[in-house]
Amino acid sequence: MGDLKAAVAETGAFECVFSRVAWFGQEVVWLAADSAEPFRALTERVWRRFPEYPPYGGEHPDVMPHLTIGSTRRAGAAALKRAATEVGAKLPIRVRIDRVRLIAGATSPDSWRTVAEWRANSSASG
C-alpha cells in the first residue's frame, strides 16, 4: 500500500465546492464538483502506479469525479428524487479534501469496508 499512499501524498489537500446535483441515468444521484481537476489528477496518479487496474475496471472511458448521494441499489426512485431536492437546497457545499479512504467490497451494498485511510500532504500542490 506504500505506492498508493505515495500517490495520495503527491496530490495534496485541496478545496472543493459541490454546487450541482446530477444523475447517472435514473439510477444514481450525485453531486458534481465545480473543479474536477484535482480528483482527476489523483485518479491519474493512482492509475499510473497501477496500470493493470484502470478506474472502474475500464468500464467508463471518461471518469466523472463525483460524490454519490444515493442509488437505486439502496433506495427507490422517489426517495432519490427527494434526496436530490433536499441536498440541492443546501448547495453549494464547500469542503477541504485532505484525506483519501480506500474501501473494498463486493457487489452487495453492505459488504463495503474501509481498508485504509491516508491524509493528503498539505504542502503538496493539488
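The values are calculated or read from the model by the stated rules, or taken from the named source; none is laboratory data. Please read all numbers here as calculations on a predicted model, not as lab measurements. No Cβ is skipped: glycine too gets one built from the backbone with ideal geometry, and neighbour counts run over all protein chains shown.
Residue under question is Leu102, and the condition is that it be in a helix (DSSP H, G or I), surrounded by 11 or more Cβ atoms within 10 Å (Cβ to Cβ) and either touching a strand residue (DSSP E or B) at 6+ places or on another chain (Cβ under 6 Å) or among the acidic types (Asp, Glu) (or both); does it hold? Spell out the reasoning first.
Numbers: in a helix (DSSP H, G or I): no; surrounded by 11 or more Cβ atoms within 10 Å (Cβ to Cβ): yes; either touching a strand residue (DSSP E or B) at 6+ places or on another chain (Cβ under 6 Å) or among the acidic types (Asp, Glu) (or both): yes.
Criteria not met by Leu102.
Please work out if Arg113 is among the charged types (D, E, K, R) and touching a residue at least 12 places away in the same chain (Cβ under 8 Å). The answer is no for Arg113.
Evaluated against (1) under 15 Å from Ala22 (Cβ atoms); (2) at pLDDT 95 or above; (3) not in a strand (DSSP E or B), Ile69 falls short on exactly one condition, (3). Sub-6 Å Cβ pairs linking a first residue in region 1-17 that is more than 25 Å from Leu91 (Cβ to Cβ) to a second residue that is part of a helix (DSSP H, G or I), at least 6 apart or interchain, are Asp3/Arg49; Ala7/Arg45; Ala7/Val46; Ala7/Arg49; Glu10/Arg45, ordered by first then second residue. Out of Glu10, Glu44, one residue alone is surrounded by 13 or more Cβ atoms within 10 Å (Cβ to Cβ), within 15 Å of the chain's Cα centre (by Cα) and either on the phi < 0 side of the Ramachandran plot or not in a loop (DSSP other than H, G, I, E, B) (or both). It is Glu44. Restricting Phe18, Phe39 to residues that are part of a helix (DSSP H, G or I) and more than 24 Å from Ser111 (Cβ to Cβ) narrows the list to Phe39.
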